[in-house]
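Only one structure is covered here, and it is reproduced in the block below.
The values are calculated or read from the model by the stated rules, or taken from the named source; none is laboratory data. Predicted, not measured: the structure shown is a model, and the values here were computed from it. In this analysis, Cβ positions are derived from the backbone assuming ideal geometry, glycine residues included, and neighbour counts consider all displayed protein chains. These accessible areas exclude ligands, DNA and RNA; they are computed on the full protein's heavy atoms, side chains included. Shrake-Rupley method; radii C 1.70, N 1.55, O 1.52, S 1.80 Å.
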Amino acid sequence: QVQLVESGGELVQAGGSLRLSCAASGRTFSTYTMGWFRQAPGKEREFVAAIKWSGGRTSYADSVKDRFTISRDNAKNTVYLQMNSLKPEDTAVYYCAATKVVAPVQFASAYNNWGQGTQVTVSS
């Protein structure tokens, strides 16, 4: 098990940038594939991005490709989500998640460790 704590969410204007962080506890962080998901009011949780334990492979939702970048620092037990060119439709609670699945999977059901979420609000 790994405990996850997200931070970095705030109110930002459209076109702006934010960097979310997810700090993980435990010595085995480097063995987990990490993912970011988001959930907007009245909508289901959706996949945003994922990164393999080694950082060598990443996966993105089409809606964020070329705007968001996921990265990780295993020495700091932290995964990041750099979000550029933000749009109002990016407004959501963003969740960090961890899985032992080797590949950067997009299915929420594959992840069994979740953080509490951080709110991102993009104003138009």
In region 15-39, how many residues are part of a loop (DSSP other than H, G, I, E, B), open to solvent by less than 50 Å² (accessible area, probe 1.4 Å) and within 27 Å of residue 87 (Cα to Cα)?
-> 1
Any pair with Cβ under 6 angstrom, 6 or more apart, that starts in region 58-86 at a residue that is within 23 Å of residue 31 (Cβ to Cβ) and of a type in the set (Ser, Thr, Tyr) and ends at one that is part of a loop (DSSP other than H, G, I, E, B) and open to solvent by less than 50 Å² (accessible area, probe 1.4 Å) | 58/104; 59/104
Under 6 Å by Cβ, and 6 or more places apart or on different chains, what pairs join a residue from region 19-38 that is without any contact (Cβ under 8 Å) to a residue 12 or more places away in the chain and under 13 Å from residue 94 (Cβ atoms) with one that is among the aromatic types (Phe, Trp, Tyr) and open to solvent by 20 Å² or more (accessible area, probe 1.4 Å)?
-> none
What number of residues in region 4-29 are of a type in the set (Ser, Thr, Tyr) and closer than 17 Å to residue 112 by Cβ?
-> 2
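How many of the residues in region 87-124 are acidic (Asp, Glu) and either free of Cβ contacts under 8 Å to residues at least 12 places away in the same chain or surrounded by fewer than 14 Cβ atoms within 10 Å (Cβ to Cβ) (or both)? Walk me through how you get there before you give the answer.
Narrowing region 87-124 to residues acidic (Asp, Glu): 89-90.
Now restrict to residues that are either free of Cβ contacts under 8 Å to residues at least 12 places away in the same chain or surrounded by fewer than 14 Cβ atoms within 10 Å (Cβ to Cβ) (or both): 89.
Qualifying residue count, region 87-124: 1.
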Tally, over region 40-71, of residues that are surrounded by 20 or more Cβ atoms within 10 Å (Cβ to Cβ) and either β-branched (Val, Ile, Thr) or at pLDDT below 95 (or both) | 5
